[in-house]
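To start, the structure itself, in structure tokens.
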Amino acid sequence: MSSLEALITPSVIRWARESAGLTVQEAAKKLKRPVEDIEAWESGDKRPSITQARKASELYRRPLAAFYLPEPPKDFEILRDYRSLPLDERREYSPKLLVIIRTAIEHQQWTREFLIAEGTEPLSFVGSANIHSLPNEVAINILQTLDVTPDEQYSCRTRDDALRLWMRKAERKGIFIFREGQVDLRECRGFVISDEYAPFVYLNSEDARAAQLFTLVHELTHIWLDQSGISNLSANGLYNFPEASTVEAFCNKVASEALLVRTTFVNEWLKLNNDTTIENRIEKLSDKFKISEEAIARRLLEDGRISNRKYDELRDYYQDRWRKLKDFEKKRLKEAEGGPSFYIKKLSNNGYAYTQTVASAFKGGQISGREASSLLGVKVNHIPKLALAAGFPLSVKG
């Protein structure tokens, strides 16, 4: 049986490899086949055996049946590309981002189906706004829906605490949030899959915590508009379709209004000494409001207090400074052989709400241990510890 050829579609098996974020060389090594075999499968010059095709489907995390499709499925049509890119950059996704998007879509579709089967009511706030709504009114509605008050945010001890506050409040209202890194901030800072049952938000964990907070509220606004998409929140470059700049500007405006109450912000700004540098004043406001200096600069741009040129200069400076700090921190942790535990990393990658949902389905017997293992990306015997880290203790027999 193993010698029988699998009548796969060459373009589909190539798409499966690329969407898994693997080079031909990496796939060949993991499948223990010569590079020439992988290339031949993808060109149509040779077919894999059924056994080889099955191993490839496991490696690429695709059902074997997908290889027999007449053409590659359009996985990412659900996400509109709101990114603003310079003229000299090609509009493509890196292999790592491709994997993150595909995994998010798989998680979101499973969660949606599970919640509907459980009789969950649709979320009323999804699509409750439109591009013609007043940004301040949408911001107020987001704050009220999530039960977040500005004083709660401002009184947080650290920027980390402020981000956690917003994330937990959003998750309690049915919004699924997950974070993962290894994606360049210039490519993507976040994306959202809007859905009335299971909206999913991705935050690039390569970004500073305070910057992630602005991205989170930006993506929440996309949910209020019921518009899925991927963005990098840049203020320059080219957008993928004409109305994208309008949508992104609207989401940025709402995020600013939600995170920085206008009267409070203006009062704090006027208290600052005009003789100090703009960078110094922005730093003080960042400390006060627990959001990034870049977000403060964006608000000053929106209010006409700094020019576009100055904002671009500040944004580039803050992002470059963060990249250098991030690289230093990675090097330090590597040398110290420290860093977050396996379960904390996995929990961040999957998200608290999603992990709890899968664990609940497993505990209730709606899904098997094998399915829960696949959905969470951990071995079956690791599920109880991961669930416990998410605040959902399991009592699993056997």
Against the longest principal axis of the chain, how steep is helix 50-60, in degrees 0 to 90 to the nearest 10, with axes from Cα atoms? 10 degrees
The set of residues whose placed amide H lies less than 5 Å from the amide H of S49, leaving out same-chain residues fewer than 5 positions away, is A6
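Explain nothing, just the number: dipole magnitude of the chain about its Cα centre with +1 on each Lys and Arg Cβ and -1 on each Asp and Glu Cβ, in debye rounded to the nearest 20. Intermediate results must be reported in sequence, preceding the final value.
On the way: 59 positive and 57 negative charges, 278 e Å.
Dipole size: approximately 1340 debye.
Using only alpha-carbon positions, what ratio does the radius of gyration of the stretch 246-376 give when scaled by 2.2 N^0.38 Å?
On the way: Rg = 21.2 Å, N = 131, 2.2 N^0.38 = 14.0 Å.
Against the empirical 2.2 N^0.38 Å value, I get 1.51 for the stretch 246-376.
Determine the shape class of the stretch 30-158: with a ≥ b ≥ c the square roots of the Cα gyration tensor eigenvalues, call it rounded for a/c under 1.5, and otherwise prolate if a/b is greater than b/c, oblate otherwise.
On the way: a/c = 2.70, a/b = 2.07, b/c = 1.31.
Cα axes put the stretch 30-158 in the prolate bin.
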Any chance you could list P(r) for the chain, counting all Cα-Cα pairs in 10 angstrom bins from zero, rounded to whole %? 4, 20, 29, 25, 14, 5, 1, 0, 0
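When the helices in the chain are scored as -39500 (n - 2.57) per DSSP H run of 4 or longer and the sum is shared across all residues, what 222 nm value do you end up with, to the nearest 500 deg cm²/dmol?
Details: 18 runs with 222 residues, N = 398.
Only helices count here, giving -17500 deg cm²/dmol.
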Distance between the stretch 167-193 and the stretch 243-313 - C-alpha centres, whole angstrom: 22 Å
Taking the 0 to 90 degree range and rounding to the nearest ten, how far is the long axis of helix 352-363 tilted relative to the main principal axis of the chain, both from C-alpha atoms? 40 degrees
Express the accessible area of the chain per residue in Å², computed with a 1.4 Å probe while the remaining protein chains stay in the model. 50 Å²
Which one of Q212, Q109, Q182 has the biggest mean-square fluctuation once the chain is modelled by GNM with Cα springs under 10 Å? Q182
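When only Cα pairs under 8 Å and 6 or more residues apart are kept, what is the percent relative contact order across the chain?
Numbers: 523 pairs, mean separation 62.8, N = 398.
Across the chain, relative contact order equals 16 percent.
Local charge sum around G21 (other residues, Cβ-Cβ under 11 Å, Lys/Arg +1, Asp/Glu -1)?
Numbers: positive: R17, R61, K96, R102; negative: E18, E26.
Combined, the nearby Lys, Arg, Asp and Glu give +2.
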Highest to lowest packing among 348-354, 215-221, 154-160, 280-286, scored as the average C-beta count within 10 Å: 215-221, 348-354, 280-286, 154-160
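Run the numbers for E58 and I344: contour at 0.36 nm per residue of separation, minus the present Cα-Cα distance, in nm.
Details: separation 286, 0.36 × 286 = 102.96 nm, distance 2.56 nm.
Full extension of this stretch gives 100.4 nm more.
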If ligands, DNA and RNA are left out, what is the accessible area of T263 with a 1.4 Å probe, given in Å² to the nearest 10? 90 Å²
C-alpha long axis of helix 293-302 to longest principal axis of the chain, angle in °: 60 degrees
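The values are calculated or read from the model by the stated rules, or taken from the named source; none is laboratory data. Everything numeric in this text was worked out from a predicted model, so none of it was measured. Note that we place each Cβ from the backbone using ideal geometry, even for glycine, and neighbour counts take in every protein chain shown. We work out accessible area using only protein heavy atoms, side chains counted, and drop any ligands, DNA or RNA first. Shrake-Rupley method; radii C 1.70, N 1.55, O 1.52, S 1.80 Å.
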